[in-house]
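Below is one structure, written out as structure tokens, with a few remarks after it.
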Amino acid sequence: MTFEELLWELEDGVAWITLNRPQVRNALSLKMISELGRAVELAADPAVRVLVITGAGGAFCAGGDLRDIEARVLRGGTFYPFMATVTRVVRALADLPKPVIAAVDGPAAGAGWSLALACDLVIASEDAFFSMAFVRVGLTPDFGAHYFLPRLAGLQMAKYLAFTGERIGAREAERLGLVTRVVPREALAATVRALAGRLAAGPPLALALTKSLLNRSATLDLPSVLEEEAMAQPLCLTTEDGREGLRAFLEKREPVFKGR
């Protein structure tokens, strides 16, 4: 599948989606959001073990393309279908049964930051910065920010960031638990490739079940979590990967997981 505003690459089990509108710091047009949804669907292929989302030209994503929204959405009266497209992308990322990494350099503002928060892990360069910029243009956060932000930063801090639109640096975002790791800009690509490769070499079913349980843990009570764990663990042990993991541990060697 070819895209006009994204780049797609699959290498050694790692799929890379690159937001590719560097002239506008990868601002999200309606076309880009639609293409992003299709690209995430492609990542459901069993050949993909890990998905990485990044941006071209030294920026992750400056948010929604307000010119495009004003011209194509507001004037056309199609605002709800626009938001329905956004919803499908966020749901697809959350439901994708494999790890999703955001590699963030430069700005991640508005919907761009929300998109990063919807990923499972966020690796940022020291030059990255973040802002819930929606309030500055009279809008409310979207792309799932009302869900992800308070769960990661706590309700009061989420309110502060959303109410003010304050810009914070990568180190502050890391301190607040909104970034997994911060590295020098020149090390960002290599760090993400190493992490993605490590996860791609892992057991797909175990990772899928772990992601699903962690995503739902905030809405489950302890007995429900324990019950699901009691079902998930035996399921892993029925797979070739589960047996390989046990054998490798007993034989004191690294396991080789084949996704079976």
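Here are the numbers for this structure:
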quantity: Dimensionless Rg over Rh [region 97-248; C-alpha; Kirkwood]; calculated: 1.04
quantity: Qualifying aspartates and glutamates (Cα of each under 17 Å from Cα of residue 258; at least 8 residues distant if same chain); calculated: 11, 12, 45, 240, 241, 244
quantity: The chain: equivalent-ellipsoid semi-axes (sqrt of 5 x gyration tensor eigenvalues, Cα, Å); calculated: 32, 20, 19
quantity: Selected from 222, 208, 248, residue furthest toward positive end of dipole (region 204-250; charges at beta carbon); calculated: 248
quantity: Value at 222 nm in deg cm²/dmol, rounded to 500, when DSSP H runs of n ≥ 4 in the chain each add -39,500 (n - 2.57); calculated: -13500 deg cm²/dmol
quantity: For region 109-260, size of Cβ-based charge dipole, Lys and Arg +1, Asp and Glu -1, in debye; calculated: 260
quantity: Mean projection area, nm², convex hull over Cα of region 204-250; calculated: 3.4
quantity: In nm, spacing of pseudo-spin labels at residue 189 and residue 31 (7 Å Cα→C-beta vector); calculated: 2.6
quantity: FRET efficiency, 1/(1 + (r/R0)^6) with R0 25 Å, evaluated for residue 66 and residue 208 via beta carbons; calculated: 0.10
quantity: Where labels lie 7 Å past Cα in the beta-carbon direction, separation of residue 166 and residue 248 in nm; calculated: 4.4
quantity: Label-point separation, residue 38 to residue 240 (7 Å along Cα→Cβ), nm; calculated: 3.4
quantity: When the convex hull of its Cα atoms is projected in every direction, mean area for region 54-154 (nm²); calculated: 6.9
quantity: Under Karplus coefficients 6.51, -1.76 and 1.60, residue-wise ³J(HN,Hα) of region 199-212 in Hz, glycine/proline x; calculated: 5, 5, 7, x, x, x, 5, 4, 5, 4, 5, 5, 4, 4
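Readers should treat all values here as calculations from the given coordinates under stated rules, not as data from a laboratory. Worth saying up front: this structure is predicted, and the values here are computed from it rather than measured. Heads up, the Cβs are rebuilt from the backbone with ideal geometry, glycines too, and the neighbour counts pull from every protein chain shown.
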